[in-house]
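One structure is given below, encoded as structure tokens.
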Amino acid sequence: MNWEAISAIAEVVGVTAVVISLVYLAYQVRGNTDQLERSAQANRTQNWQSVCVNFNEWRQMLAMPGNSEIWIRGINDLRDLSQDERVVFNNMANCMFWAGWFMYHIQRSEGLMNDVNANAYRDLYRHPGLREWIEVSKKAQLTDVYSDFLDEVKDSVGRDRINPGEASSYSQGEY
């Protein structure tokens, strides 16, 4: 056999090996991409489930005997609550607040922020007692963009308030 034939055969074998390697690599990349997409979807699903769990805990607390009265009085005026009632109100508000914080960050990371959320938050800020609670809690607990978002909502609400006894989404249990 001559050296040219051996060289040609070696070149064909080398090209074949490279093509097989590239096909295998493409297969691996596709598999990794699919796995990453499934993992990201599972993570999004888990995050939304956490939001739902927090809001459901708030709703369950609200449904406990006497708590809806504490909630309605508290969102209107925190000073109208006894010390024991403030503890109950604080627990309910914290549960709702952290669900909102988590939901805000999920929506922000997925590019889903819209006017519906801002409207819900404006409704929060229209309740004097809840507004006061948010402002105190925000200073103690938040240092991120959620705090900036809440400031923007507060500014958009201005002096607009819901009067005690006036219906709103939070006094009607719509959220």
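All of the numbers you see were taken from the coordinates with simple rules; none came from a lab. If you're wondering where the values come from, they're calculated on a predicted model, not measured in any experiment. Don't worry about glycine lacking a Cβ; one is built from the backbone with ideal geometry, like all the others, and counts go over all protein chains shown.
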Exercise for the section: Can you pull the one-decimal nm distance between simple spin-label points at Asn2 and Val136, each 7 Å off the Cα toward Cβ? Expected result: 9.7 nm
Handout entry: Spacing of the two label points (7 Å from each Cα toward its C-beta) at Arg38 and Ile9, in nm
Key = 4.4 nm
Problem - Label corresponding to volume of the Cα convex hull per residue in Å³ when calculated from the structure given, among (i) 98; (ii) 268; (iii) 158 - result: (iii)
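Can you give the helix-only mean residue ellipticity at 222 nm for the chain, where every DSSP H stretch with n ≥ 4 adds -39500 (n - 2.57) and the sum goes over all residues, rounded to the nearest 500 deg cm²/dmol? Spell out each step's value before the answer.
Details: 6 runs with 136 residues, N = 175.
After summing the helix terms and dividing by the residues of the chain, the value is -27000 deg cm²/dmol.
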Completion exercise
Per GNM of the chain with C-alpha springs under 10 angstrom, the most fluctuating residue out of Tyr27, Tyr121, Tyr146 is Tyr27
Problem - Choice from Gly31, Gly100, Gly14 showing the highest fluctuation, given a GNM over the chain with Cα pairs closer than 10 Å - result: Gly14
Completion exercise
Reduced to Cα centres, the span from the range 3-37 to the range 39-76 in Å works out to 54 Å
